[in-house]
1. Which ordering of D109, D313 is given by a fewest-first count of other beta-carbon atoms within 10 Å?
2. Report the calculated FRET efficiency for E260 and F193 (r = Cβ-Cβ distance, R0 = 45 Å), to the nearest 0.05.
3. Could you work out how far apart the two model spin labels at I214 and I200 are, taking each label as a point 7 Å from the Cα in the direction of the beta carbon, and quote it in nm?
4. Which order do D187, D262, D247 fall in if you start with the one that has the fewest other Cβ atoms within 10 Å?
5. Which order do the peptides 336-346, 47-57 come out in when sorted by mean C-beta neighbours inside 10 angstrom, highest first?
6. Whose amide H sits under 5 Å from the amide H of I267, counting only residues 5 or more places off or on another chain, with H placed in the peptide plane?
7. Rank the residues M43, M249 as a footprinting-exposure proxy: fewest other Cβ atoms within 10 Å of their Cβ go first.
8. One quarter of the convex hull surface, Cα atoms only: what value does that give for the range 164-224 in nm²?
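Nothing in this text is a laboratory measurement; each read-out follows from the coordinates by a stated rule. Here the structure is a predicted model, which is why all the values come from computation and not from measurement. Every residue, glycine as well, gets a Cβ built from its backbone with ideal geometry; the counts of neighbours run over all protein chains shown.
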Amino acid sequence: MKKLIFLLILFPTILSSQELENPEDIISYNGTLIDQLAQVSSMSINPYTAVFFTSICSKFGIHNDYVKTHPFYNNWIVVSLFGFLFLFTLIVRPTLALSKFTNVIKLADEYLEDKAALVINGVIIILPIILSSNPSNDEVVLQAGIFSLDFKSILIIIATTYYLMVVLAVKYFIELLIFISPVPLVDSFLEVFKIVLTVILVFISIYSPVMAFIISLIFFIIGLFFYQRAKRLTDKVVYLFIYPVFDLMKNSDKILYDKENDLSIKILLINKTNKFKKGKILRLTKNNNEFGLEQKKLIRPNKFEPLEIKNCDIIQTDFNISIVAEDGTNFLLNRSFNKHIDFLIKEFDTENLIDKRVKLTKAKSFLGKIKNLFSKSDLKNFKMNFK
């Protein structure tokens, strides 16, 4: 059913043009729509490179009608900012990929880049509406302060966001497979290949938006077949490898608490429960001395399942902490929680701890801490436990 969401959103957007009575207006409308959707093909591979080359080409008069009049692309601040980000992806990322230790930093940066792609896409769609002096003739369905969104714009935001979520997840899945593979230099080659492919897609979107749109659909259809598998592996790697890097820049309160609960920590669920599938990143919360698993929802109510955590079994290693509750619910904590283990034992009211850690030398520098986060055996253990 989820595989149909994108098409169910996209087709009404295109068909809404049929309300225009003039055939020339219909052709113009659909042409503009295709030009707009054509941009996401390059955005899904490398958003920084896509925006930079689209902007720089526009400045030199190489553009389609949509890019030509777009205030985001025709801006020297955007060219400068994304030019810097492009140079970072061209020079720094391939260098980080040469070592398995610094490769974790590269993965964290790519994870943030994929999140940034969703924000950039939204800005590109909404910015012309905010700056437009002539409101759309379409029915306004959302009023937000000084600007309003019509039905078509909302559908395009939803459709392109869903597209990017699917394709970016599969792209990151491929990057993770290379990360856990023993073949050297493949990561560096992949970074260069993504830049070259993005530039090619940018020029295709300029000279043949219809072809770029078709390529986007092909990417999406392929992505649908691998999305669930990609999402499961991505969640595991993000939780166990990426979150510990981000946690180095957080204090204990940010890791252990939130505004709503007495305790709130992110966990990786290993087995299926009554309400949650295995492999999910959830929150273990405590409120009024009652523990439970919680999944936060953006629009719908949060999903919650009570959990009896008292007298749980804990196995601690340098890589992660495995916890098994009395009802058999098994979940992992990443290595960020090793320094909070005494606090967690007290919260969980248990003495069933097996400590299998190998003491590592503590480092003071950020890169030193990154290097000490993971050992050579961590990737091996990860591949053994998560096939």
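1. Values: D109 17, D313 14.
Placing the least packed residue first, the sequence is D313, D109.
2. Numbers: r = 44 Å, r/R0 = 0.98.
For E260 and F193, the calculated efficiency is 0.55.
3. A separation of 1.6 nm, rounded to one decimal place.
4. Details: D187 22, D262 15, D247 19.
Listed from fewest to most nearby Cβ atoms, that is D262, D247, D187.
5. Values: 336-346: 15.8, 47-57: 24.5.
In decreasing order of mean packing, 336-346, 47-57 become 47-57, 336-346.
6. L282, R283, L284
7. Numbers: M43 28, M249 8.
With the sparsest Cβ surroundings first, the list reads M249, M43.
8. Details: hull surface 17.5 nm².
The directionally averaged projection comes out at 4.4 nm².
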